[in-house]
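There's a structure below that I have some questions on.
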Amino acid sequence: MVKKVFLVFLMLVFSLLSVFSVTYVVGTEASFPPFEYVENGKFVGFDMDLIREIGKLYGFDVEIRDISFDSLIPSLMTGNIDIIVAGMTITEEREKVVDFTIPYFSADQSILVRKGEGKNISVLFEKRKIGVQTGTTGDLWVTENLVDKGFLPKGNLTRYDTFNFAVRDLINKNIDAIVLDNPVAQRFTKTDPVEIVGIIKTNENYGMAVAPGNEELLNMLNEGIRQLQENGKIDDLIQKYFE
């Protein structure tokens, strides 16, 4: 009888734990190494480790969903995801529709070309074929500074769902250069026959994003970032993925 009562008690405990456990759905675009990518069937990278570490601090689980970058904010607004963790730059335009955390990483844009062809930053102004990822700050910079100002014909700009596709096209000589975040460009130089020939100083700050007004979640993420900065965990992740 005592054993049966104990088993019932355990079942009640596990039932209560399942009721009170929280899972946040995190949206990302998993072709952005070293921030988010897939390895052996698992979502890994700086951002993925970062949000999981915050989850450990506050006792929540994380479910990762791979979504095209330009669909992340719409998915957040419709409630399909709870948090965007995707190397997303904090911009005034995006701040009009989502709430960003404090910055957790800073970056600039790089110009990526095929290795050994002797190209330099002038490739952007020679009416060559340029690739970007749709909806990124690289896309915005090329559009505003090259296309809109007449340096690049509109038809010479190709937008991709992921940088993996862009790099494949670059290697296959379908485009001549890519404009993308510098840490990601550096990662591709280690895995593909490509090289960086210039840096565009954009002084971007990455932040996680939540739906407007979700102050409780936003405050928790901010405090988590601060704690991981203070205890050195973010420095450990930087060393793991960037050094």
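The values are calculated or read from the model by the stated rules, or taken from the named source; none is laboratory data. These figures come from a predicted structure and were not determined experimentally. Cβ sites come from the backbone with ideal geometry, for glycine too, and all protein chains shown count toward neighbours.
Can you tell me which residues in the stretch 141-160 are more than 18 Å from D70 (Cα to Cα) and surrounded by 20 or more Cβ atoms within 10 Å (Cβ to Cβ)?
L146, L152, listed by residue number.
State the number of residues belonging to the stretch 144-153 that are of a type in the set (D, E, K, R) and in a helix (DSSP H, G or I).
Going through the stretch 144-153 one residue at a time, the tally reaches 1.
Evaluate the following for V167: is it of a type in the set (A, V, I, L, M) and either over 30 Å from D61 (Cα atoms) or in contact with an Asp or Glu (Cβ under 8 Å, 6 or more places away or on another chain) (or both)?
Working: of a type in the set (A, V, I, L, M): yes; either over 30 Å from D61 (Cα atoms) or in contact with an Asp or Glu (Cβ under 8 Å, 6 or more places away or on another chain) (or both): yes.
So V167 fits the description; yes.
Just to be sure, is F163 surrounded by 15 or more Cβ atoms within 10 Å (Cβ to Cβ), aromatic (F, W, Y), within 25 Å of D49 (Cβ to Cβ) and touching a helix residue (DSSP H, G or I) at 6+ places or on another chain (Cβ under 6 Å)?
Values: surrounded by 15 or more Cβ atoms within 10 Å (Cβ to Cβ): yes; aromatic (F, W, Y): yes; within 25 Å of D49 (Cβ to Cβ): yes; touching a helix residue (DSSP H, G or I) at 6+ places or on another chain (Cβ under 6 Å): no.
Answer is no for this residue.
Give E243, E195, E216 a once-over and let me know the one that is farther than 18 Å from V98 by Cα, of a type outside the set (S, T, Y) and at pLDDT 95 or above.
It is E195.
In the stretch 98-140, what residues are under 15 Å from L180 (Cβ atoms), among the β-branched types (V, I, T) and buried (at least 21 other Cβ atoms within 10 Å of the Cβ)?
I111, V113, I130, V132, T136, T137
Of the residues D161, D139, only one is of a type in the set (D, E, K, R) and in contact with a Ser or Thr (Cβ under 6 Å, 6 or more places away or on another chain); which?
D161
Is it true that some residue in the stretch 96-104 is more than 19 Å from the chain's Cα centre (by Cα) and among the polar types (S, T, N, Q)?
No, the conditions are met nowhere in the stretch 96-104.
Something else now. For the stretch 154-243, list the helices (runs of 4 or more DSSP H) that sit wholly inside it and hold at least 2 residues that are among the basic types (K, R) and touching a residue at least 60 places away in the same chain (Cβ under 8 Å); which are they?
Hits in the stretch 154-243: 233-242.
Hey, another quick one. Inspect all residues belonging to the stretch 43-58 and state whether any of them is in a loop (DSSP other than H, G, I, E, B), crowded, with 22+ Cβ neighbours inside 10 Å and either among the polar types (S, T, N, Q) or in contact with a Phe, Trp or Tyr (Cβ under 6 Å, 6 or more places away or on another chain) (or both).
The answer is yes, given that some residue of the stretch 43-58 is in a loop (DSSP other than H, G, I, E, B), crowded, with 22+ Cβ neighbours inside 10 Å and either among the polar types (S, T, N, Q) or in contact with a Phe, Trp or Tyr (Cβ under 6 Å, 6 or more places away or on another chain) (or both).
Still on this structure, please answer the following. For the stretch 227-238, does any single residue satisfy the condition of being crowded, with 20+ Cβ neighbours inside 10 Å and of a type outside the set (A, V, I, L, M, F, W, C)?
no
Determine, yes or no, whether S68 is in contact (Cβ under 8 Å) with a residue 60 or more places away in the chain and in the same structural domain as E216 (by TED's automatic domain parsing). First the steps, then the outcome.
Numbers: in contact (Cβ under 8 Å) with a residue 60 or more places away in the chain: yes; in the same structural domain as E216 (by TED's automatic domain parsing): yes.
Answer is yes for this residue.
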